[in-house]
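Read the figures in this text as sums done on the coordinates, not as results from a lab. Keep in mind that what you see is a predicted model, and the values were worked out from it rather than measured. Note that each Cβ is placed from the backbone with ideal geometry, even for glycine, and that neighbours are counted across all protein chains shown.
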Amino acid sequence: LDENQLRALSAAGCVLGGHGVDHRSLHSAPWPEVERQILESCAAIRDITGQRVVPFAFPYSRRVPVEPLARLRQREPW
């Protein structure tokens, strides 16, 4: 989808979320790379749609400990 289509979906009430910058598996990625994937993909959605909060779903169902995610959310609440 292009940016205009994403804006239209958002305007129609859809909540758009991040899913990684390049949609690769993050299972063995070090935490700094996981964090980069989260922040950059969510920032792109936020910049396009203006959403205050952007949900994130890990590609390939990556499970990570809650603590680093909680710290990231505290630092970057959007």
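Table for the structure above
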| read-out | value |
| --- | --- |
| Rounded to 10°, Cα long-axis angle of helix 66-75 versus longest principal axis of the chain | 50 degrees |
| Selection from Val66, Val53, His23 lying farthest towards where the dipole of the chain points positive, charges on Cβ | Val66 |
| Dipole magnitude of the chain about its Cα centre (Cβ charges: Lys, Arg +1; Asp, Glu -1), debye to nearest 20 | 280 debye |
| Degrees separating the helix 31-49 axis from the principal Cα axis of the chain, which is the longest one | 10 degrees |
| Calculated Rg and Dmax of the chain using C-alpha coordinates, Å | 12.8, 37 |
